[in-house]
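Derivation of every value follows stated rules applied to the coordinates shown; laboratory data play no part. Every value quoted in this text rests on a predicted model; they were computed, and no experiment measured them. A quick note on method: Cβ atoms are made from the backbone with ideal geometry, for glycine too, and the neighbour counts reach across all protein chains shown.
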Amino acid sequence: MIGKDFISLFDLEPEDLKDLLSLAVYLKKRRAQGVRESALAGKHLAMLFEKPSLRTRVSFEVGMSELGGHALYISKDEVGLGQREAVEDVARVLSRYVQGIMIRTFAHSNVRKLAESGSVPVINGLCDEAHPCQALADMLTVLEHFGRVDGLRIVFIGDGNNVARSLARACVLLGSSFVLACPEAYAFTERDQAAFGEHWGNSVVQVHDPDRAVAGAHVLYTDVWTSMGQEAERDKRLAAFSGYQINASLLAKADPSVKVLHCLPAHRGEEITAEVIEAPASVVFDQAENRLHAQKAVMRLLMADDRDEVLAAARAEAPIN
Ligand code: CP
Ligand code: NVA
């Protein structure tokens, strides 16, 4: 059973991720039916942002409101995490006011520290190491387009970054295979490789030739080459990744039924062309929408008082095999 927080998919068991997917499908369907939710009425989510955001900020805020609760946006300059005030103190103070904290920050250790020091659930809305909410929405999108989340070949072309790492772990948990096609200098680290355990070299692999990687792929995925906080490395990264763009020519080498995913924001003309974003194979806006449904599932499970009841309903209505 999923614990107090949602920080990294490496903390989860396969059943936890399947439960979250079931619940996301269930909540998405109820929203389409016009059901008004009230499970988080009277509850508050503090959202701490040390990096910019469109999707994460809006989907958490709207999601919280749709569940009957309220979200507060707190910018980097207001809190000064670890500078104006120790992370531990921020956690303890916020725990007196709100029933959940979402944080987007740099160091993964800040997210852990917040969770250990506070008494309320902490949700990782992206850090340098992980983007678990994104991977949950990604697998919801995959489920909708393929009718399953196991037995698929998901090929990530680009940087072995936070998004790639979380997605690879989601694939491991759900029984799909993950291929990272990247320049050698931007591969998964030895620490990452160890975290994949027996799956490393089997269902999780890395290669350096994108043309060969796309063969047999069900999904082609990419993310920016320069992540937030790496802006000073931009020129070096542009050069290193130049052969790793998802463009029409690469897409033509994949199966015609392949789907293209991107967590967004996209740097059109860098990691992906505008033509591919607009191509019928692209499902990037379904994927962006699914951040809302995925995170509502996370908040519903972590912050509401009726976890067992809602999980039973979701498992019955939308089982994930
Ligand atoms: N994909 C994603 O996390 O988008 P934002 O940075 O806009 O939140
Ligand atoms: N890897 C990107 C993802 C943005 C959603 C970053 O960390 O900036």
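Worth a mention:
- Cα shape, segment 188-321, gyration tensor, a/c 1.5 rule: prolate
- Sorted by Cβ density within 10 Å, fewest first, the residues TRP225, TRP200: TRP200, TRP225
- For segment 1-157, the orientation-averaged shadow of the C-alpha convex hull comes to 10.1 nm² (one quarter of the hull surface).
- An oblate overall shape is assigned to segment 95-166, the ratio a/c of its alpha-carbon gyration tensor axes (a ≥ b ≥ c) being 1.5 or greater and a/b not exceeding b/c.
- Neighbour counting of Cβ atoms within 10 Å sorts the residues ARG153, ARG315, ARG104, fewest neighbours leading, into ARG315, ARG153, ARG104.
- Relative to the longest principal axis of the Cα atoms of the chain, the long axis of helix 55-66 makes an angle of roughly 40 degrees.
- Degrees, to the nearest 10: 307-317 long Cα axis against longest axis of the chain: 40
- Our coupling estimate for segment 178-187, obtained by passing each phi through the Karplus curve with A = 6.51, B = -1.76, C = 1.60 and θ = phi - 60°, is 10, 10, 9, 9, 8, x, 4, 6, 10, 8 Hz, Gly and Pro reported as x.
- The chain: most fluctuating residue of ARG307, ARG148, ARG112 per GNM, C-alpha cutoff 10 Å: ARG307
- Backbone HN-Hα couplings from phi across segment 194-203 [Karplus 6.51/-1.76/1.60, Hz, Gly and Pro as x]: 5, 5, 7, x, 5, 6, 5, x, 10, 8
- Exposure proxy ranking for VAL172, VAL283, based on other Cβ atoms within 10 angstrom of each Cβ and starting from the fewest, stands as VAL283, VAL172.
- Top of ALA213, ALA194, ALA170 by mean-square fluctuation, Gaussian network on the chain, Cα under 10 Å: ALA194
- For ALA217, residues with placed amide H under 5 Å, excluding near neighbours: ASP255
- q = 0.06, 0.08, 0.11, 0.15 Å⁻¹: log10 I(q)/I(0) that the Debye formula gives for the chain, counting C-alpha atoms only: -0.19, -0.34, -0.66, -1.24
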